[in-house]
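One structure below.
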Amino acid sequence: MNLSKSQSERIHQVWKVYVSSGEKFVNASKEYTHQELDQRRLDTIPEVESWLNRFLQGSVPLEEFKTVNDGINKRNRLWGFQAINGQMFFNMVTNNSVAGNRMEELVNLLKKSIATPASLSDAKAIIKTFESFTRDLGQYSTDRRGAPKVGSIPFFLSYFWQIQQPEKYPIYYTSMVNALSELDIWLPSGDIADDYVAFYELNHEMLNLLSQQAVRKLHLWDVEHAFWFHGQVQAQAGQDVAISAKPISTKAVKDIEDDLPESYIPPIVSILPRLATNDEVLAELYRRSGRAIEKVFEERLAIIFRMLGFETQLLGQGQGRVPDGVAINHEYRYAIIYDAKVRQNSYTMGTDERAIREYIGVQGERLRKQGMRNLYFMVISSSFTGDHDDAIRSLKIDTNVNEVLLVEVKSLLAMLEGKLRNPAVSFGPDGIQRLLASSGLLTESDVREFLEI
């Protein structure tokens, strides 16, 4: 595509802001410089490529290759492949191929598809063929939501292409597509093959443009990182303030921020992070109205769970030794027992362990009788500190709960944003429930990486 002057200026501004940050960004819940992440990728690529070549040559079966690649990406969260458009899509394609007795066809198609395309036109043809096969697999799924989504194909294939030729093939990240769309630089057409071709060409055009600005030869990863950072800044600010090529005064920015609502997130729950940290201004406002900020936090949590599609039962203060609430997903037969913790500083699990056991014991038995197959316990707060592993292990041993999660409240907002951006996001085992199936800390970064937002 030929970028307009205003589009080029917005791209320059994205790069300028990224460079001014020291070229750092959050990846997999950690802060990296671009050099650190790129070096880790370079160190990991040979291992992935070795197994990829062994699969292409027929020396390892598909299931072994799929499992090993999953393990590498879980140990090295560098590309986001362990998320919904990567490993989960891989699993769904495989499972539906097994159900349709088409595994041999899948293996042959994968060998043709994940090998590096000879040209961009070949890449387009590969995507179209894979799309046709994926659509056909839908007939073997007992539930249409368990069918593999064709929208995952560009990411899935371009991940393998970039592993083999990182300087040529950009990975089709949904988060980057969203940023380009929101900045009015590029909007996908809906034809996934055409869209990848346009995305490829745009990335290389931006690479040339920014290399001139940086007065050095950049890598496709540099472009990717700059837009990752842009997305993180937008998410952190919670505002849809468009980047302008012209300088904006501090007062003008403040006026815009005051007038514009938080991106995708309804105001009634956008306040949750401030409630979780016991914001002094809010606490005083609620105190004057005769309400405790802790109670408001519990009520707003119940609201966001309802927005996410759960049946919510608000328990909480004044009802004895009970958790603050229960969120039930009848469709997939699981429930979340949750306890809300308002803290100016990070929450540490310790003296509450006995009470938590009681919560789980009473509510868990009731929920199991209602047909819930899986139970999850959540502590929801602003942030967490300390070593919680022993407490979590003890709770899992002593109660009938499947997992114990320490949930940053911003991660719930990220789930809601993901659902609003993409209503097809599932809260079952092929979606959000998979995030719940691992005890420990659940951060906003984890959710955004998983949902690719």
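Bear in mind that the values in this text are calculations on the coordinates, not laboratory data. Owing to the predicted nature of the structure, the values given are computational and were not obtained by experimental measurement. Positions of Cβ are generated from backbone atoms using ideal geometry, with glycine treated the same way; all protein chains shown enter the neighbour counts.
Counting charges near Glu47 (Lys, Arg +1; Asp, Glu -1) among other residues having Cβ under 14 Å from its Cβ returns a value of +2.
Computed from point charges on the beta carbon alone (+1 for Lys and Arg, -1 for Asp and Glu), the dipole magnitude for the chain about its Cα centre is near 500 Debye. Taken one residue at a time, the phi angles of segment 117-127 give Karplus couplings (6.51, -1.76, 1.60, θ = phi - 60°) of x, 6, 7, 5, 5, 5, 4, 4, 5, 4, 4 Hz. Gly and Pro are set to x.
Once both labels are positioned 7 Å from their Cα atoms along Cα-to-Cβ, the gap between Ile397 and Tyr140 label points is 4.3 nm.
Backbone phi angles across segment 306-313, fed through the Karplus curve with coefficients 6.51, -1.76 and 1.60 (θ = phi - 60°), yield HN-Hα couplings of 5, 4, 7, x, 8, 7, 10, 10 Hz in residue order; Gly and Pro are listed as x. Note down the magnitude of the dipole of segment 5-237 about its Cα centre, charges +1 on Lys and Arg C-beta and -1 on Asp and Glu C-beta and zero elsewhere, to the nearest 20 debye. The calculation lands at about 240 debye.
Measuring against 27 Å, Cα to Cα, the residue pairs Lys74/Lys369; Lys66/Lys128; Lys74/Lys396; Lys66/Lys112 contain Lys74/Lys369 as the ones spanning a longer distance. Residues whose amide H falls under 5 Å from that of Met378, counting only those 5 or more places apart or on a different chain, are Ile337, Tyr338, Asp339, Leu405, with hydrogens built in the peptide plane.
Treat the count of other C-beta atoms within 10 Å as a stand-in for reagent exposure and order Asp446, Asp191, Asp143 from fewest to most. All intermediate terms of the calculation are to be shown ahead of the outcome.
Numbers: Asp446 21, Asp191 14, Asp143 10.
Ranked by crowding around the Cβ, least crowded first: Asp143, Asp191, Asp446.
Extension gain for the segment Lys16 to Ser132, taken as residue separation times 0.36 nm less the Cα-Cα distance, is 37.6 nm to one decimal.
Report the Stokes-Einstein translational diffusion coefficient (µm² s⁻¹, integer) for segment 262-310, Rh taken as the Kirkwood radius over Cα pairs, at 25 °C with viscosity 0.890 mPa s. Don't skip to the answer; put the middle values down first.
On the way: Rh = 11.2 Å.
Translational D for this selection: 218 µm²/s.
Between Arg366 and Ala214, the distance separating the two model label sites (each 7 Å from Cα on the Cα→Cβ line) works out to 5.6 nm.
Taken along its three principal axes, the alpha carbon spread of segment 159-239 comes to 36, 35, 21 Å, from the longest extent down to the shortest.
Along segment 190-198 the Karplus relation, 6.51 cos²θ - 1.76 cosθ + 1.60 evaluated at θ = phi - 60°, assigns HN-Hα couplings of x, 8, 5, 6, 4, 5, 5, 4, 5 Hz to successive residues, with x for each Gly and Pro.
Grab the eigenvalues of the alpha-carbon gyration tensor for segment 267-451, scale each by 5, take roots, and send me the semi-axes largest first in whole angstrom.
On the way: eigenvalues 106, 82, 54 Å².
Result for segment 267-451: semi-axes of 23, 20, 16 Å.
I'd like the antiparallel share, as a percent to the nearest 5, of DSSP beta bridges with both residues in the chain.
Details: 14 of 31 bridges.
Approximately 45 percent, going by the DSSP bridge assignments.
Over all distinct Cα-Cα pairs of segment 93-229, the Kirkwood formula returns a hydrodynamic radius of 16.0 Å.
Spin-label model, Glu201/Leu282: points 7 Å from Cα along the beta carbon direction are separated by 4.7 nm.
So what's segment 5-237 giving for Cα Rg divided by 2.2 N^0.38 Å, two decimals? Mind showing how you got there, number by number?
Details: Rg = 18.0 Å, N = 233, 2.2 N^0.38 = 17.5 Å.
Cα-based Rg divided by the globular estimate yields 1.03.
Could you tell me the ratio Rg/Rh of segment 105-159? Both radii from Cα atoms, Rh via Kirkwood.
On the way: Rg = 11.7 Å, Rh = 11.8 Å.
Using only Cα positions, Rg/Rh for segment 105-159 is 0.99.
Computed from the coordinates I sent, Kirkwood radius over Cα pairs in Å equals one of (1) 23.8; (2) 22.7; (3) 22.0. Tell me the label. Read-out taken from this structure: (1). Taking every alpha-carbon pair under 8 Å whose residues sit at least 6 apart, the chain reaches a relative contact order of 14 percent.
Rank these for me by crowding, Asp390, Asp184, going from fewest to most other beta carbons within 10 Å.
Working: Asp390 10, Asp184 13.
Placing the least packed residue first, the sequence is Asp390, Asp184.
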